[in-house]
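Written out below as structure tokens is the structure these notes cover.
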Amino acid sequence: DKGGRYIVKGAAGELVTSQDTVDAVIYATGYKFDFPFFSESSGLFPSECTMRSPEGAFRESLHLHLFHRKHPSSLFFLGLPEFGPGIFKVMEHQTKAIIAVMKGHVSTEDLASLDIRCSFPYGHMRDDIFPYCVMLDSLPAGTHRSFPDDHWQVKLPRDIEVRMEVARDTREARASMPQRYRDRNYRIIESDGVEGGITWEVVVE
């Protein structure tokens with residue numbers, strides 16, 4: 001409201017007006033890489049890139065498209081670069097990786113090494129996003145030092161592999177009927193006690 005208070009949902013689902021206040025709400029949505037609150041004089045990004053080519057500035061300034069090179073344990077950029085399928089699920093993997101770095105389980109040297117060894121595309125990711133998620137998961141798991149240089153050599157866990165299959169199916173469906181395609185709905189099927197027993201099916205065309 002005008003007094004800076006905000007409304008939250010309570011434990012029973014009721015709407016509750018907060019007792020504390022906020023100064024501003026920043027909507028960090030959309031697909032334009034624009035961070036005007038970082039001035040060129042901040043030194044956070046190469047001055048020649050910051051305004052004219054923000055994408056280039058982020059590519060040069062971030063480890064693994066996520067951790068700032070100068071402040072890897074305190075400055076993070078979730079949702080970069082442009083992801084294809086399942087952006088919010090990818091951000092979940094990114095968040096777990098950030099927590100591992102903040103807790104000191106991963107060193108700056110480890111991030112730099114992964115950055116050099118595993119070259120993930122900066123532009124629009126397609127299937128590369130799935131081994132990227134596995135690489136992020138290797139940070140909290142402590143297995144990042146053995147992550148393969150060629151990220152397609154890594155074995156995808158079945159849940160991530162299913163997400164890749166669904167994404168490919170969606171792309172193929174769109175290509176086969178571009179003028180009349182509607183988003184498909186999928187049902188994920190898990191077989192209890194069966195290793196790798198996760199499958200999927202289309203429930204709405």
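The values are calculated or read from the model by the stated rules, or taken from the named source; none is laboratory data. The structure presented is a predicted model; accordingly, all values stated were derived computationally and were not measured. Methodologically, a virtual Cβ is constructed for each residue, glycine included, from the backbone with ideal geometry; neighbour enumeration extends over all protein chains shown. Just the protein is used for accessible areas: all its heavy atoms, side chains included, with ligands, DNA and RNA removed. Shrake-Rupley method; radii C 1.70, N 1.55, O 1.52, S 1.80 Å.
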Looking only at helices (runs of 4 or more DSSP H) that fall completely inside region 96-176, which ones have 2 or more residues that are at pLDDT 90 or above, open to solvent by less than 50 Å² (accessible area, probe 1.4 Å) and in contact with a Lys or Arg (Cβ under 9 Å, 6 or more places away or on another chain)?
108-117, 129-141
Would you call Pro36 at pLDDT below 75, touching a helix residue (DSSP H, G or I) at 6+ places or on another chain (Cβ under 9 Å) and not aliphatic (A, V, I, L, M)?
no
Look at Ala57 and say whether it is modelled with pLDDT under 75 and in a helix (DSSP H, G or I).
yes
Qualifying residues in region 14-33 (those that are within 26 Å of Met91 (Cβ to Cβ) and modelled with pLDDT of 70 or more) - the one most open to solvent (accessible area, probe 1.4 Å)
Asp23
